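Working notes, beginning with the structure itself.
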Amino acid sequence: MKNHAPGVFLFGLVTMVSMTLLYGADVGKSWIEVSGSTAKEYEVPIRAVQTEEPKTALTFNASWPEDGIREILDALNSGGMKAAFFVAEEWAGSHPEELREMAESGHELGILGDGQKTKEELTEEKERLEELAGKEIGLYRSEEEICSRETIRAAGDCGLRTVGWSLDSLDWKEYGADAIIRQISENLESGSIILCRTDGGHTAEALAGMDKMLAARGFETVTLSGLLGGGEGYIDRDGTWIPA
């Protein structure tokens, strides 16, 4: 099992330092018009959605060639759960059947890369992924979550929304299915975007219990697009999408 510790170690500190270095002190803010008034929008990944409704979105990062994607897809389909899969280009090339199955089953797809992508690179990756999946791609994620302003702008120019996460399942730690469910339950909020990984050793096993836990708490699992909505809004400093 791969060690994801560098991606979460001192996450808060690393995030703040990286945002300052990449975005500058103003975190790439701009003024936008929202329903007749002005608001600050920041060029950062969307990490959560401001909502009073008990809704959450389940997302997966797929990058390692050998993983539990088959078991994960079976568990999601059995529970009627929809998710967003952010896939690395190499992973997509080695899993064409699973990629098309995701698309045909109603799961959303996005590009998984690093935080320094050009418009040309994203355009090429988007076209290749859409050809493999037979479905339009509208999402982008940096595996480290931090993206430069230039990458976020480039993604937007390609029709991609840059999305991070607010709740890490920590499934890479291999503590077991119960630990994954507990981690999500204890940190869940309305509008949370949950991060899981297709190479988590207990992730597929945890999905059934996760579904029951969310239902017991009155939470609905929706697609990212369903959580974000299609109307007006803006991104706050901490990455929260604020619907108009």
Top-ranked residue of the range 118-147 - restricted to ones that are outside any helix (DSSP H, G or I) and more than 17 Å from the chain's Cα centre (by Cα), ranked as nearest to Val163 (Cα to Cα): Thr118
Looking for something of a type in the set (Val, Ile, Thr) and either assigned to a helix (DSSP H, G or I) or open to solvent by 30 Å² or more (accessible area, probe 1.4 Å) (or both) - is there at least one such residue anywhere in the range 154-168? no
Kindly list the number of the only condition in (1) open to solvent by 60 Å² or more (accessible area, probe 1.4 Å); (2) over 24 Å from Ala62 (Cα atoms) that fails for Tyr234. (1)
Whichever residue in the range 198-213 is touching a helix residue (DSSP H, G or I) at 6+ places or on another chain (Cβ under 7 Å) and open to solvent by less than 20 Å² (accessible area, probe 1.4 Å) and, among such residues, is nearest to His95 (Cα to Cα): Thr198
When the range 193-209 is checked residue by residue, the ones that are among the charged types (D, E, K, R) and assigned to a helix (DSSP H, G or I) are Glu205
If Ser190 satisfies every condition in (1) open to solvent by 20 Å² or more (accessible area, probe 1.4 Å); (2) part of a helix (DSSP H, G or I); (3) in contact (Cβ under 8 Å) with a residue 40 or more places away in the chain; (4) closer than 26 Å to Val222 by Cβ but one, which is the exception? (2)
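The values are calculated or read from the model by the stated rules, or taken from the named source; none is laboratory data. Predicted model only: the values in this text are computed from it and were never measured. Note that each Cβ is placed from the backbone with ideal geometry, even for glycine, and that neighbours are counted across all protein chains shown. For the accessible areas, the whole protein counts, side chains as well, though only heavy atoms, and no ligand, DNA or RNA atoms are used. Shrake-Rupley method; radii C 1.70, N 1.55, O 1.52, S 1.80 Å.
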